[in-house]
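Here's the structure we're looking at; comments come further down.
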Amino acid sequence: MDSYVLQQAVGQKEAVRSIKQHQNNLIAKWQRLFRSGRQLTSIELVHLPYWCFSYQYRSKQMKDPIRGKVAVETYQHHTAILPESAQYRPVSNETSLLAPFGEPVPEVARNEIYWEAFSREKKRKDIAVEILETAVLYVPYWIGYLQGDTIDIIAVDAANGKIDLGIKESLLEAIMASNK
C-alpha cells in the first residue's frame, strides 16, 4: 500500500501563535476564572495516519462521475474530504510518523461521500459510490503541551494552521500506541 505525507504549510512559530490566540479567546478566559491557566511548555510536530481512499461517485443527474479523495483517521475514524489542491509527497525519512491502527475501513469513507453527495442531489437513490484505491496519508499536526493544575494537549493542523479540538483523542491514542 502506498504511503504519502500531506504537505505542511504552517511552521512552529505560527502554530504557537494559533495556540496563544486560542488560549486568549473569550471562552478560555472565562474558564480560567474557575481554574488556573495552563501554559504552553513545549510543542512538537507529528504525522497522524489516515486511510486515504480515491473514489468516484455517479448519479443519473450527472453526465460524468465525480472523482476525489476522502481521508479516514485510523483511530477514531474522523473523516475529511480532501480538496483537489492538497499537496502530497511520498513518505521518505520522516521520524514523526505515528503508526496506523487497524485495517482500512472503506465503508466509513463510502458513507461520508454518500452523505456529502446526498446533500447536493435531488434523487438520492441514484447515487453510486465506488472506492478506487487505498493508501495511507500522514497528516501533520503540531501538538502543544500545556501545563498548569493539569497537563493537556492542543492540536494545530499543520496544513492550515487551525486549532483542531476534535482530533485530540486520536492523537493521544496514536502517541500511546507508538510508545508500546
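Laboratory data are not the source of any read-out in this text; all were calculated from the coordinates shown. In this text the structure is predicted, and so the values were computed from the model without any measurement. For neighbour counting, all protein chains shown are included, and Cβ atoms are generated from backbone atoms with ideal geometry for every residue, glycine included.
Structure data summary
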item	result
Options I153, V139, I167, ranked by Cα towards positive dipole end of the stretch 137-180, top entry (Cβ charges)	V139
Calculated Rg/Rh (Cα atoms, Kirkwood Rh) (choose from [x] 0.95; [y] 1.04; [z] 1.08), label	[y]
Principal-axis tilt of helix 12-23 within the chain, Cα atoms, nearest 10 degrees	80
Stokes-Einstein D in µm²/s, Kirkwood radius over Cα pairs - the stretch 37-98 at 25 °C with 0.890 mPa s viscosity	165
Ordering of 153-165, 7-19, 79-91, 45-57 by burial proxy (mean other Cβ atoms within 10 Å per residue, highest first)	45-57, 153-165, 7-19, 79-91
Stretch gain in nm, segment N93-E130, where the contour uses 0.36 nm per residue and the Cα spacing is subtracted	10.0 nm
Mean Cβ count within 10 Å, highest first, over the residues of peptides 173-179, 60-66	173-179, 60-66
Helix 168-178 vs. the chain, principal-axis angle (Cα, 0 to 90°, nearest 10)	90
Helix-derived mean residue ellipticity, 222 nm - over the chain, DSSP H n ≥ 4, -39500 (n - 2.57), to 500	-7000 deg cm²/dmol
Angle in degrees between helix 106-118 and the longest Cα principal axis of the chain, rounded to the nearest 10	80
Student exercise, the chain dipole from Lys, Arg, Asp, Glu Cβ charges, in Debye to nearest 20	720
In nm, spacing of pseudo-spin labels at D64 and T41 (7 Å Cα→C-beta vector)	5.5
